[in-house]
Structure formats: C-alpha cells, structure tokens
Amino acid sequence: MSDAEPRNPSTRRGFISGAIIICALAAAAILLAFTSVHGGGDQSSTVAASTPAATATSTADPAEASVCGLPGFVKSGTLTAAPKTEWDIVGIMAAPHSTTAGPGVTDADGVRSCYAHTPTGALFAVANSWAMGSDARLAPLAIAANTAPGPGRDAAMAAASTRSNGGLSAQIAGYKVLSYSGTEATIDTAFTLTNGTLMSFASTMKWVEGDWKAELTDDGQPPFRPIVLQSLGGYTAWSGLS
C-alpha cells in the first residue's frame, strides 16, 4: 500500500484499538479526539531546525494570496527539511507558528487561521487544527472556521457536541508531505501518545477562500484512517516538546 492511499480499517496490525478508533473517526479530520480535553497554557518554545528546502514553482499571483496577506504562493512542491518553527501550547498540544507560514490570525475565541499558500503553510494548518482539537472549547469553533464548506462540514458540526476522547494525550512528532498542489495538500502527521505509542493520521487540506481548510467526506469523516507506527522512519522529525 502506498503512503498516499486511504488507510484500510480492516488492516489488523495497522490500526489502533476500537475505542480510540471511534474517537479518532469522530474527530472529523481536524480533531485529535484521543487527546484529553482539559487544561491549556501559555508556554512556548522554539525549535532550531534547518531551513526547509522546497522543490517548488512559485509565482506572485494576487488571486492566490492568503486572506490575511501572508507572503508566497507555491503552485507545486514539497518540504525536504523541517521548517524553523516556534511553538505554543494550544489545549494540551504544542502548535506551530511562524511569521511567514501562519497562523496569521487568532480570533477572540482563540481560533487560529490564515496560512501561507505554500507546503509549509499547509503543514502548519494541519498541525494547528490537531492542536485546536485537543481543546474541548476550541474544537467545535475550529470545525466551523477551518473546514471546507459543504456537507462534510455540516455533518461534522452537527456531531461536534457528541464527541468524547480516549483518555490519552498526544504530541506531534513528525510529518510527511504526501502530496501538494496549489489547490490541495495531503499531510501525514505522526504523533507520540502518552502511553508511548507512535501513530499517524493523514489529513487533506483544500485552498478555499484564501486559506487552507480541512476536507471531509460528505458524512463528516476524515478521508484517511489512523495507523500505528513502529518508528518514525520515513517521517521528518518535527516536535514542539523535547
């Protein structure tokens, strides 16, 4: 199976236990529902990482600009190294930010949005969506603001009040850019759970209304499924917590 294919729920060794699967599916792609839903903080840290080398084609087409004016437009490409990143704690997860990649806007409720029209911007959008999903208050607001309009968003919003968590917390450990174009990006995020398990969950983002927004199926579910990892082999290490 290629990395870019949807994960098969029947793959016995590649899937997590039933209770956490239910929570993860209920997460509607932008919620990491196997995290706890209490607490938060204002801690932040900076990761010293190499400058990302993007294989890309760039233009300055104003029609492709971010809604809050962040610079850059990459039509196609990837990331070959972890971006330089600052991290904040959002809910109970470290969330990335930078002045060039985003988020460029944090509203009065704490919802983060507006990312650069680049592979790095798409990566930051995914990671911040997961972090907001770890906060019970922010999660339904993030669905409304950061999900592509359509039946999937409507279904996810309707189900938001019924979600629970699996009693575990998680932190971002790494990523893969499975695909990227100027209109869509698929980012596979690796997580470390508090019980020591490594797992990954791929997310698809669409460029909509000048920002990256999560794409869901019509029933409000993620297009991919989570799997357990044996290691971070093949992923670029990227984490806000040591």
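Annotations
- Solvent-accessible area of Lys206 with every protein chain in place, 1.4 Å probe, in Å² to the nearest 10: 70
- Among the protein heavy atoms, those of Glu215 account for about 50 Å² of accessible surface (1.4 Å probe, every chain in place).
- For region 91-139, the relative contact order is 42 percent, taking Cα pairs closer than 8 Å that sit 6 or more residues apart in sequence and dividing their mean separation by the residue count.
- Diffusion coefficient, µm² s⁻¹, Stokes-Einstein with Kirkwood Rh over alpha-carbon pairs of region 66-121 at 25 °C and 0.890 mPa s: 203
- Charge sum, other residues only, whose C-beta stays under 15 Å from Gln171's C-beta, Lys/Arg counted +1 and Asp/Glu -1: -2
The values are calculated or read from the model by the stated rules, or taken from the named source; none is laboratory data. Quantities reported herein were computed from a predicted structural model and do not represent experimental measurements. FYI the Cβ positions are ideal-geometry reconstructions off the backbone, even for glycines, and counts take in every protein chain you see. Ligands, DNA and RNA are stripped out before the accessible areas are found, and what is left, the full protein with its side chains, is counted by its heavy atoms. Shrake-Rupley method; radii C 1.70, N 1.55, O 1.52, S 1.80 Å.
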